[in-house]
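Single-structure report; data block below.
The values are calculated or read from the model by the stated rules, or taken from the named source; none is laboratory data. Model, not experiment: these values are computed from the prediction. Cβ coordinates were reconstructed from backbone atoms using ideal geometry, including for glycine residues, and neighbour counts include every protein chain displayed.
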Amino acid sequence: MARKILNRKELRNEADAAERKEKVSEEGAPVKAKKEKKAPVKRKSRAKAAKEVRLKAFWGVFNQTLRRISLFEYSQRAEADKKLRQAEAEGRRAMAVAREQEMRALVQEMQARVVEAQAEVPKAMAEAFRQGNMGVMDYYRLQNVQSDTDMRRSISGESNDPQKPQHG
C-alpha cells in the first residue's frame, strides 16, 4: 500500500486554521492570529580560526652592503659575535691590501714622472749650451758632483737604480 506524501505547508495551514477556530469559539468573535517572530539566528563564521603565530628571534651577521653572511639562533650570541669580529677583520684586511696596492701604483706613477724629468735634463743642458748660459767648465763640474754622489751611494750601500728598493 502506498503512503500519501505529506506536504508540510498544507499541514501547517490546517493547524493554523484549527487554532483560529478554537479562539473564535472561546471569545465568540474572530481574532486574527499574530505570528510570533523568531529571534534571528546568529550564523557561525566559516572563517578559520587564526592560529597563534610564534615568532623566533635570530642573530644575523651582515656585511657593509647589508648582505647576510650568516644567521644564528638567539641562544648562540657568542658565535654570532665571533663571526661578526671575523667579518670585520676580513674587511679591515681587504682595505689594507687595497691601500697597499694603491700605494704601489702611486710609487710606480711617481717613478715614471722621475724618468720623464731625467729625460728632460739632457735637452735642457743642450739648450743652455746653445744659448751660452753654460760652458764646458760648468759641465765638467756637474759631472764631478754627479760622480762624487754615485761614489758616496756605493760606499753607503744605497742603490742608484730607482726600481730596486733601498735598504736603510
What number of residues within the range 64-78 satisfy the criterion of being more than 21 Å from the chain's Cα centre (by Cα) and within 22 Å of Arg92 (Cα to Cα)? 1
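Here's the yes/no breakdown for (1) surrounded by fewer than 10 Cβ atoms within 10 Å (Cβ to Cβ); (2) free of Cβ contacts under 8 Å to residues at least 24 places away in the same chain:
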{"residue": "Pro40", "(1), (2)": "yes, yes"}
{"residue": "Lys44", "(1), (2)": "yes, yes"}
{"residue": "Gly60", "(1), (2)": "no, yes"}
{"residue": "Ala78", "(1), (2)": "no, yes"}
{"residue": "Asp81", "(1), (2)": "no, yes"}
{"residue": "Leu84", "(1), (2)": "no, yes"}
{"residue": "Ala87", "(1), (2)": "no, no"}
{"residue": "Glu90", "(1), (2)": "no, yes"}
{"residue": "Gln111", "(1), (2)": "no, no"}
Working carefully through the options Lys38, Lys83, Lys51, find the one that is under 30 Å from Glu19 (Cβ atoms) and either assigned to a loop (DSSP other than H, G, I, E, B) or not acidic (Asp, Glu) (or both). Lys38
Of the residues in the range 39-77, those that are basic (Lys, Arg) and modelled with pLDDT under 90 number 7
Only one of these is closer than 30 Å to Asn63 by Cβ and either part of a helix (DSSP H, G or I) or hydroxyl-bearing (Ser, Thr, Tyr) (or both): Met103, Met110. Name it. Met103
